[in-house]
Each structure stands twice: as structure tokens, then as C-alpha cells.
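The values are calculated or read from the model by the stated rules, or taken from the named source; none is laboratory data. Keep in mind the model is a prediction, meaning the values are calculated, not measured. Cβ: placed from backbone, ideal geometry, glycine included. Neighbour counts: every protein chain shown.
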Amino acid sequence: MTTSTLPTHRYSSESNWMVPAGLLIISNFFVLMLWQYGFLQAQENHLLELAQCAFLMLACGVCSMRAWRLAKTSLNLNFLLHAGLALLSYSFILREVDIDRLGTAPAWASFEQGLRLFGVTLWLALLIFVAPRVRQLWARRAIMFKKPMVILAMMGGTFLLASWPFDKQVFAVLPYLTSQFIEELLELNGCMVLFFSSLSD
């Protein structure tokens with residue numbers, strides 16, 4: 001296993017999974033209390049979404065830095081995982097934050113389109129790099145899916161997918177505001193877990 005370039009901020013396979021689990025429980029309790037007493041609103045570009053964006057930006061930054069450092073040594077599996085998670089976090093940022101609504105000037109919409117185009121370009125570059133190595137990666141799938149980084153990333157993605165029914169109000173029995181809050185809370189959990197994944201190997 002490649003040694004992490006951030007040895008003081010990682011979760012190895014022997015690490016205590018109770019740390020991220022405990023942080024999630026405490027964060028959920030804290031957010032629930034704030035919402036119940038009216039200090040939080042489950043609306044676009046409000047505190048919950050800004051918190052999600054902050055964790056995604058941290059995940060994107062950490063993974064980008066680690067991928068950059070790994071690229072200088074060897075373009076191995078860890079490089080691809082960190083580069084992929086960095087781009088995934090970047091894509092989720094653009095999904096969560098309506099940049100065009102941050103101001104009334106047309107420049108905001110153009111800025112958002114530019115960021116999206118930049119993301120598409122990076123995804124294409126990564127896919128072109130991965131394409132000739134697909135067989136090698138598939139041969140190492142058993143190792144890859146045992147990595148804490150991959151396990152946590154899949155857990156984070158599961159939280160984000162689980163928020164979709166509440167966003168679309170599939171459960172009609174729930175009041176609109178409650179459904180929106182559950183959506184934002186699940187997304188917050190997903191973003192936090194993606195951040196934990198960025199610290200992992």
C-alpha cells in the first residue's frame with residue numbers, strides 16, 4: 001500500500017471507525033436540535049447547503065493535493081482514486097450550490113457555466129487516462145473495494161442517493177419542510193463521509 005502523503009490525517013484499515021461514526025452522530029444531533037428550535041432552514045444556499053459545500057470543498061482540496069503529489073512519483077491506483085474523488089466532490093459542489101443565484105448579473109451564470117465546462121474537461125482527461133488501464137484496474141478490484149477510502153466514498157454516495165426521494169417528496173405523508181430537512185441532513189452526512197474518505201487510503 002502506498003504511504004499517504006498526509007500521514008497525520010488519515011484513516012488506515014486498522015483505524016478506529018468509531019471516530020467518523022461518532023462525529024456523524026454528534027453532528028446529526030446538533031443539526032437536529034438547531035432545526036427543531038428554528039435556527040436552521042432547509043432552503044437553497046442556506047446554512048445546511050453551505051456546510052455541505054464546505055465539506056465537499058475540503059474533500060476536493062485534500063484529494064487534489066494528494067493526487068498531485070502522487071502524480072509526481074507514480075500514477076498508481078491511489079492516484080486514480082484520489083483524482084476521481086476530487087472530481088466527484090467538485091461535481092457535487094456545482095450540483096449543491098446555485099452559483100447563478102448568488103447575484104443578478106449575467107456574469108454569475110457565465111461563471112457557473114465556465115466551472116461546469118472545466119469539470120467536464122477534467123472528467124474527460126481522467127477517463128482518457130483510465131481507458132487503457134481498465135483491465136489492470138479491474139484485476140485489482142478486490143484490493144480496491146477493500147480500501148477504507150472506497151468504502152467511505154460508497155457510503156457517502158449512498159447518503160446522497162438516499163436524499164433523492166425526500167427532494168422529490170416521494171413520501172407524501174411527510175410535511176414539505178420536514179421532507180426538505182431530511183434531504184439536506186442526508187446530504188450533509190454524505191458530504192461529511194466523502195470528506196472522511198478523502199483522508200483515507
I'd like to know if the range 65-84 contains one or more residues that are within 22 Å of E183 (Cα to Cα), part of a loop (DSSP other than H, G, I, E, B) and hydrophobic (A, V, I, L, M, F, W, C).
no
Residue within the range 108-120 that is closer than 23 Å to V31 by Cβ and of a type outside the set (G, A, S) present
no
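Looking at A86, A71, A107 in this structure, which one is of a type outside the set (D, E, K, R), at pLDDT below 85 and either surrounded by fewer than 13 Cβ atoms within 10 Å (Cβ to Cβ) or under 19 Å from L152 (Cβ atoms) (or both)?
Going through A86, A71, A107 in turn, just one is of a type outside the set (D, E, K, R), at pLDDT below 85 and either surrounded by fewer than 13 Cβ atoms within 10 Å (Cβ to Cβ) or under 19 Å from L152 (Cβ atoms) (or both): A107.
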Filtered residue count, the range 89-104, keeping only those that are surrounded by 15 or more Cβ atoms within 10 Å (Cβ to Cβ) and either of a type in the set (V, I, T) or out of contact with any Cys (no Cβ under 9 Å at 6 or more places or on another chain) (or both)
6
L88 fails exactly one of (1) out of contact with any helix residue (DSSP H, G or I) (no Cβ under 8 Å at 6 or more places or on another chain); (2) under 16 Å from M149 (Cβ atoms), namely (1)
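Looking at the range 22-57 only, could you name the residues that are among the small types (G, A, S), modelled with pLDDT of 75 or more and either more than 14 Å from L186 (Cα to Cα) or part of a loop (DSSP other than H, G, I, E, B) (or both)?
G22, G38, A54, listed by residue number.
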So is H46 at negative phi, crowded, with 18+ Cβ neighbours inside 10 Å and not hydroxyl-bearing (S, T, Y) or not?
no
Taking first residues from the range 152-174 that are more than 9 Å from V193 (Cα to Cα) and second residues anywhere that are in a loop (DSSP other than H, G, I, E, B), the pairs with Cβ under 8 Å that are 6 or more apart or on different chains are P165/F171; F166/L174
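Let's see how each residue does on (1) modelled with pLDDT of 85 or more; (2) under 23 Å from the mean Cα position of the chain (by Cα):
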{"residue": "A125", "(1), (2)": "yes, yes"}
{"residue": "R141", "(1), (2)": "no, yes"}
{"residue": "K146", "(1), (2)": "yes, yes"}
{"residue": "L152", "(1), (2)": "yes, yes"}
{"residue": "G157", "(1), (2)": "yes, yes"}
{"residue": "Y176", "(1), (2)": "yes, no"}
I need a count of the residues in the range 139-172 that are surrounded by 16 or more Cβ atoms within 10 Å (Cβ to Cβ) and not in a helix (DSSP H, G or I).
2
Taking the range 147-181 and keeping only residues that are in contact with a Pro (Cβ under 9 Å, 6 or more places away or on another chain) and over 30 Å from A83 (Cβ atoms), one is left with F171, S179
Considering only residues that are modelled with pLDDT under 90 and buried (at least 20 other Cβ atoms within 10 Å of the Cβ), which ones fall in the range 74-83?
N78, F79
Regarding T121, is this residue assigned to a helix (DSSP H, G or I) and closer than 25 Å to L185 by Cα?
no
